[in-house]
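Peer 1: This structure is in structure tokens; I'll ask about it shortly.
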Amino acid sequence: MNPVFIVVGLAAAIGIFISPMFGLALTLILIPISTQLTMGGSFLGIFTMVTPIKIIGTLTFISTLIHYGGRKGVWDFLKKPQMRFFLFFLIWIFISGITQSGWASRENFTMFISNAILGVTILILIQDVKRFRLMLWLIVISIFFICLQTVLSYLGINRAGGTGYGPNEFAIAILPFIAITFYMALAEKNGALKIILIGIITVIFLALISTVSRGGIVGLGGMLLILTLKSKRKILTIIAVCIVVVLFINTMPQNLRERFSKTQVTANARGIGDGDIDSTTRRYYLAQAGWRIFLSHPLFGIGVGNYYYENRNYAPVSPGRAHNMYLEMMAELGIIGIILFLGIIFYTFKSLNRIIKSKSPLNGYAKGFYIGLIGFLIAGIFLHAQQDRVLWFLIFMSAALERIYEKNYI
């Protein structure tokens with residue numbers, strides 16, 4: 001390994017142990033590129049591929065426990081319903097993976113533990129508006145630069161993949177930040193910062209278009225609809241939405257038009273394999289397989305991570321993910337798993353709605369997370385995203401926002 005990387009890594013580690021907030025800042029900056037910068041294989045067969053965000057996130061978590069773990073009241077967030085649902089959800093994933101072990105069980109353990117570590121770190125460290133605002137700005141700026149790179153390198157021929165596992169994953173990850181940044185711009189009093197945020201929204205929007213993701217675009221439409229319905233200034237909101245729609249129509253790549261207009265073609269006689277059917281028909285078979293698996297294993301599912309290969313036994317399709325977050329969870333974790341997940345979502349929305357109805361300065365942040373989470377969940381109907389770090393960032397930051405609200409405005 002390059003000695004420069006070793007020196008920088010040691011310096012970063014020292015900085016993290018001196019200040020866990022420094023580590024959290026680095027972690028959030030790295031979220032948009034968390035699937036890149038792989039440094040090596042798994043460690044002792046326990047973890048998936050080693051990446052900087054995993055190392056930094058773990059060191060930050062340890063530093064956080066050392067600095068704050070023993071303080072009075074620091075673990076009060078575990079009393080919140082959504083956090084209890086998450087804890088039981090995490091336990092259920094381990095029970096599912098251990099009792100019905102499969103090729104992807106270990107990978108799911110790593111992903112969800114990583115998200116839990118991020119959540120605990122956020123909830124312990126972010127307990128005031130200043131820190132919340134700072135961390136939000138850091139991840140938004142990081143998203144902006146990744147999206148800017150994506151837009152500048154997009155040639156209009158192939159789908160832009162950004163820094164996710166693919167175009168769809170990248171689309172659903174950046175989608176919520178359109179709403180979050182929009183409400184940050186509305187709440188911002190500094191004119192220069194407001195203009196900067198408008199520019200950031202535009203770049204994220206263009207990056208979303210360049211992914212040519214139908215699920216991402218449908219999620220955007222859902223966000224715009226809810227934004228309009230919930231807005232008190234409906235005329236201004238409708239004008240803004242119309243501007244976005246016009247911008248969308250004029251920037252829509254030809255291949256995106258075709259993906260919407262030609263959603264299905266006739267399948268070959270075999271009806272199996274990626275090379276034999278179009279993507280829409282394949283997704284239909286994948287969803288069909290998910291539903292059939294759930295009906296066959298309604299209570300416990302077939303085990304976390306096992307849908308990928310098991311789907312071929314329930315529909316004429318080759319192995320793959322479900323392209324539907326809810327059906328995949330139902331198939332793998334059964335009704336117990338999906339109820340626990342929906343419990344997390346329900347109480348997150350409930351806490352955000354409570355802040356939205358208040359007259360506190362946190363109102364705008366809550367609206368951004370509320371609309372952004374809706375967009376993510378709508379896109380999740382067409383994409384598999386339950387392990388996505390952005391989803392859990394939204395949930396844990398929403399919980400942190402509720403704690404700040406209760407501490408300062410009640």
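The values are calculated or read from the model by the stated rules, or taken from the named source; none is laboratory data. Given the structure is predicted, the values throughout are model-derived calculations rather than measurements. Please note: Cβ atoms are built from the backbone with ideal geometry, for glycine as well, and neighbour counts cover all protein chains shown.
Peer 1: List, please: which pairs have Cβ atoms under 6 Å, are six or more places apart or on different chains, and start with a residue in segment 304-331 that is over 24 Å from L391 (Cβ atoms) and end with one that is of a type in the set (F, W, Y) and outside any helix (DSSP H, G or I)?
Peer 2: From residues that are over 24 Å from L391 (Cβ atoms), there are no pairs.
Per-residue answers, yes or no, for (1) buried (at least 21 other Cβ atoms within 10 Å of the Cβ); (2) touching a Cys at 6+ places or on another chain (Cβ under 9 Å); (3) in a helix (DSSP H, G or I):
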| residue | (1), (2), (3) |
| --- | --- |
| L138 | no, no, yes |
| I143 | yes, no, yes |
| Q149 | no, no, yes |
| A173 | yes, no, yes |
| T181 | yes, no, yes |
| I198 | no, no, yes |
| V203 | yes, yes, yes |
| V218 | no, no, yes |
| G221 | no, no, yes |
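Peer 1: Which condition breaks for S231 when tested against (1) at pLDDT below 85; (2) among the polar types (S, T, N, Q); (3) in contact with a Leu (Cβ under 9 Å, 6 or more places away or on another chain)?
Peer 2: Evaluating S231 over (1) at pLDDT below 85; (2) among the polar types (S, T, N, Q); (3) in contact with a Leu (Cβ under 9 Å, 6 or more places away or on another chain) leaves (3) as the failure.
Peer 1: Could I ask something else about it? Test A185 against the criterion of being more than 14 Å from I371 (Cβ to Cβ), out of contact with any strand residue (DSSP E or B) (no Cβ under 9 Å at 6 or more places or on another chain) and at pLDDT below 95, and give yes or no.
Peer 2: Details: more than 14 Å from I371 (Cβ to Cβ): no; out of contact with any strand residue (DSSP E or B) (no Cβ under 9 Å at 6 or more places or on another chain): yes; at pLDDT below 95: yes.
When the stated conditions are applied, A185 does not pass them.
Peer 1: Right, here's the next one. What about A399, is it closer than 20 Å to D128 by Cβ and of a type in the set (A, V, I, L, M)? Spell out the reasoning first.
Peer 2: Working: closer than 20 Å to D128 by Cβ: yes; of a type in the set (A, V, I, L, M): yes.
Yes: the conditions hold for A399.
Peer 1: Next question. Within segment 150-164, identify whether any single residue is β-branched (V, I, T) and under 14 Å from the mean Cα position of the chain (by Cα), and answer yes or no. Spell out how you get there, then give the answer.
Peer 2: So in segment 150-164, the residues β-branched (V, I, T) come out as 150-151, 157, 163.
So of that shortlist, the ones also under 14 Å from the mean Cα position of the chain (by Cα) come out as 163.
Looking for residues that are β-branched (V, I, T) and under 14 Å from the mean Cα position of the chain (by Cα), one finds at least one in segment 150-164, hence yes.
Peer 1: Check I355, I404 and return the single one that is buried (at least 23 other Cβ atoms within 10 Å of the Cβ) and within 24 Å of Q127 (Cβ to Cβ).
Peer 2: Numbers: I404 fails: buried (at least 23 other Cβ atoms within 10 Å of the Cβ).
Answer to the check: I355.
Peer 1: If I ask for residues that are surrounded by fewer than 20 Cβ atoms within 10 Å (Cβ to Cβ), touching a residue at least 24 places away in the same chain (Cβ under 8 Å), within 28 Å of L401 (Cα to Cα) and not aliphatic (A, V, I, L, M), which ones from segment 76-111 would you list?
Peer 2: Scanning segment 76-111 gives D76, K80, P81, F88, T110.
Peer 1: Ok, one more. Test of understanding: among G364, G337, which residue is of a type in the set (G, A, S) and either surrounded by fewer than 22 Cβ atoms within 10 Å (Cβ to Cβ) or at pLDDT below 95 (or both)? Lay out the reasoning, then the answer.
Peer 2: Details: G337 fails: either surrounded by fewer than 22 Cβ atoms within 10 Å (Cβ to Cβ) or at pLDDT below 95 (or both).
On inspection, the qualifying residue turns out to be G364.
Listed here are the residues, each with its yes/no results for (1) in contact with a His (Cβ under 7 Å, 6 or more places away or on another chain); (2) part of a helix (DSSP H, G or I).
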| site | (1), (2) |
| --- | --- |
| Y285 | no, yes |
| G290 | no, yes |
| L295 | no, yes |
| G301 | no, no |
| G305 | no, no |
| Y309 | no, yes |
| A315 | no, no |
| A322 | yes, no |
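Peer 1: Do we have I339 as more than 24 Å from I217 (Cα to Cα), of a type outside the set (K, R) and over 20 Å from the mean Cα position of the chain (by Cα) here? Give the derivation first.
Peer 2: Values: more than 24 Å from I217 (Cα to Cα): yes; of a type outside the set (K, R): yes; over 20 Å from the mean Cα position of the chain (by Cα): no.
Considered against the rule, which asks whether it is more than 24 Å from I217 (Cα to Cα), of a type outside the set (K, R) and over 20 Å from the mean Cα position of the chain (by Cα), I339 comes out as no.
Peer 1: Collect the residues in segment 295-334 that are surrounded by fewer than 24 Cβ atoms within 10 Å (Cβ to Cβ) and hydrophobic (A, V, I, L, M, F, W, C), keeping them in residue-number order.
Peer 2: Correct list: L295, L299, F300, I302, A315, V317, L327.
Peer 1: Just give me the residues in segment 27-58 being surrounded by fewer than 20 Cβ atoms within 10 Å (Cβ to Cβ), modelled with pLDDT of 80 or more and not polar (S, T, N, Q), in sequence order.
Peer 2: I29, P52, I55
Peer 1: Also, quick follow-up: Return the pair list, or none, for Cβ contacts closer than 7 Å from residues in segment 384-406 that are closer than 18 Å to L24 by Cβ to residues that are of a type in the set (K, R) and surrounded by fewer than 22 Cβ atoms within 10 Å (Cβ to Cβ), at least 6 apart or on different chains.
Peer 2: Here the result reads A399/K80, each pair linking segment 384-406 to a residue that is of a type in the set (K, R) and surrounded by fewer than 22 Cβ atoms within 10 Å (Cβ to Cβ).
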